[in-house]
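Right, one structure below, let's go through it.
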Amino acid sequence: MKLDSNITAIVTGGASGLGEATARMLAERGVKIGIFDLNEERGEAVASELGGCFAKVNVTNDEETDAGFEKIRAALGQERILINCAGTGNAIKTASRNKETGDISHFPLDAFNLIIQINLVGTFRCIAKSAAGMMTLDPLECGDRGAMVNTASVAAEDGQIGQAAYSASKGGVVGMTLPIARDLSREGIRVNTILPGIFNTPLLAAAPENVKQALGAQVPYPSRLGNPEEYAKLATTMCEVNYFNGEDVRLDGAIRMAPR
């Protein structure tokens, strides 16, 4: 797929971190940018800077997601690229014992379900709705009608203590990548997923510098945190290269996460 001003992309979670970096890189290539995010102030600012369009969207809400697609398509045209970066996490043990009182508690199921709804179901919701829109387009010269990039995590394969919900949600994103790519293959819509390792994103922004350095030191090579621009480069490549389809790719400096 040739990236230029004839292409519209929607980036979920595009107001910060991996999503923002990808939106900026695509915009540098001339792509028209639509952003879904909950942070209205930041989302509007980024979209305005890129000459794009912002929609406040909670990806767990069907009506908001529909309205977001409608708004961006009305302003910029039907998207040919979808980048799914909206997501979050938590850290709660499946069951645990209070060392002082001996009381036993378990992972609250509503907290577990919330992560699944945001990271997994929210990603699929955007994929399904975007795919239906892409199918209305004529194929490009390369044969593509569209390209999608999802964000999982190395926790999909190396989940740490307390990450049952997060790992399950990201493992689900990995697990559905190939079936969705196969579902959409006859329509010329490609689907790939990136599994980032430890990246320097707003989630780590509040951490002390020594903590960031310690995390980076765990990475075999290069021994540092990943940069959002590195994610953006891989996402952009997945969109450009026509033969890139149905893949789940770790981007992690060869790290394999320890139990904690």
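Only the coordinates and a few stated rules stand behind these numbers; no lab work does. Note that the coordinates shown come from a computational prediction; the quantities given were computed from them, not determined experimentally. Every residue, glycine among them, receives a Cβ derived from its backbone with ideal geometry; neighbour counts consider all protein chains shown.
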Is there a residue in the range 209-217 that is of a type in the set (Lys, Arg) and farther than 21 Å from Ala9 by Cβ? yes
Answer yes or no: is there a residue in the range 84-91 that is under 19 Å from Ala147 (Cβ atoms) and assigned to a loop (DSSP other than H, G, I, E, B). yes
Considering residues of the range 34-75 that are without any contact (Cβ under 8 Å) to a residue 12 or more places away in the chain and closer than 16 Å to Gln117 by Cα only, the residue farthest from the chain's Cα centre (by Cα): Glu63
State the number of residues belonging to the range 208-236 that are touching a residue at least 40 places away in the same chain (Cβ under 8 Å), more than 29 Å from Ala147 (Cα to Cα) and among the hydroxyl-bearing types (Ser, Thr, Tyr). 0
Those residues that are out of contact with any helix residue (DSSP H, G or I) (no Cβ under 9 Å at 6 or more places or on another chain), more than 15 Å from Cys85 (Cβ to Cβ) and of a type in the set (A, V, I, L, M, F, W, C), I need them from the range 206-243; list them, please. Ala206, Ala214, Ala217, Val219, Val241
Would it be correct to say that Thr177 is among the polar types (S, T, N, Q), surrounded by fewer than 14 Cβ atoms within 10 Å (Cβ to Cβ) and under 21 Å from Val11 (Cα atoms)? no
If we keep just the residues of the range 150-174 that are part of a loop (DSSP other than H, G, I, E, B) and among the hydrophobic types (A, V, I, L, M, F, W, C), which is surrounded by the fewest Cβ atoms within 10 Å (Cβ to Cβ)? Ile161
Name every residue in the range 175-190 that is assigned to a helix (DSSP H, G or I) and among the basic types (Lys, Arg), in order of residue number. Arg182, Arg186
Selected residue [closer than 19 Å to Phe244 by Cα and either within 16 Å of the chain's Cα centre (by Cα) or assigned to a helix (DSSP H, G or I) (or both)] from Ala111, Ala147: Ala147
